[in-house]
Amino acid sequence: MRKKITIAIDGHSSTGKSTVAKQIAKELGYIYVDSGAMYRAVTLYAMRNLFVSKSNFNKEAIIRHLPFIKVEIKFNKELGYGEVYLDDENVEKEIRYLEVSQQVSKVAAIPEVRKVLVEIQQEMGKNKGVVMDGRDIGTVVFPDADLKIFMTASTERRAKRRYKELKERGDEITYEEVLKNVKERDYLDSTREVSPLIQAEDAVEFDNSLLDLDEQFEKVLKLAKDKIEAVG
Ligand code: DC
């Protein structure tokens, strides 16, 4: 049997990381982990407990509650990938709301939050055979990942994709609001002190601005298969 590898996919928000990561994991029979969803789940917890709102950001309360926040990824057989649970409740839908997106970068900048989630992520990937997407997967979570991909696409293209996604889900939202959020998150994610979004030196840069989903999938799959071949 072929050796399993670890695939890290990083990049700005809405670059299509999770779409391709899911496809690749399914094709290879690997586990897919959406690390951003875990940061979103902690953010949702903080919002529900009123530690975080438009006018309030109680970092200390979040840190104090960390030991009691249960974030898990449970495999959904029908979908073929894992979904995020917060205290045993499936929160996949809620964590994608714009209200959560507007707060998550601040929560993800808290070092204590990162420490707890990175440990869970490393545990999930310890047996390899994992495709994980996020911001610091190739730099911090799995610095020894066999294949690192850094996805990019223009800001406008990413905002359009996100807008379409949210509209299709029935959200009342304008394109301008989505564009503003994408830009804000880019800025916060790239400039925070702890584990900012940066391209790992050994990552393959992958601009998908002009690729459709099939082309993107084929290209990333080829990179993965070549790597699997190379490690034997
Ligand atoms: O991938 P996403 O947009 O769902 O991620 C949500 C937020 O979480 C994003 O603004 C940055 C943060 N994040 C992070 O800091 N580190 C990760 N590994 C994944 C996400």
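Since every read-out is calculated from the coordinates, none of them should be taken as a lab result. Please read these numbers as outputs of a predicted model, since none were measured by experiment. All Cβ positions, glycine included, derive from the backbone under ideal geometry; neighbour counts span all protein chains shown.
Only Cα sites of the stretch 51-191 enter the Debye sum here, all with the same form factor; the resulting log10 I(q)/I(0) across q = 0.17, 0.19 1/Å is -1.29, -1.56, listed in q order.
Going by neighbour counts of Cβ atoms within 10 Å, the residues ASP202, ASP186 line up, fewest first, as ASP202, ASP186.
Listed by Cβ neighbour count within 10 Å, with the fewest neighbours leading, LEU98, LEU117, LEU213, LEU44 appear as LEU213, LEU98, LEU117, LEU44.
Relative to the longest principal axis of the Cα atoms of the chain, the long axis of helix 17-28 makes an angle of roughly 40 degrees. In this simple spin-label model, placing a label point 7 Å from the Cα along the Cα-to-Cβ direction at both GLU201 and PHE68 gives a separation of 4.4 nm. Within a straight-line Cα-Cα reach of under 18 Å, LYS77 can be paired with the following lysines, leaving aside sequence neighbours fewer than 8 residues apart in one chain: LYS22, LYS26, LYS93.
Between the alpha-carbon centres of the stretch 88-123 and the stretch 175-232 there is a gap of 19 Å.
Give me the angle, in degrees from 0 to 90, between the Cα long axis of helix 155-168 and the longest principal axis of the Cα atoms of the chain, rounded to the nearest 10. Roughly 70 degrees, rounded to the nearest 10.
Per residue of the chain, the DSSP helices (runs of n ≥ 4 H) give a summed -39500 (n - 2.57) that works out to -15000 deg cm²/dmol at 222 nm.
Expressed as a fraction of 2.2 N^0.38 Å, the C-alpha radius of gyration for the stretch 7-76 is 1.37.
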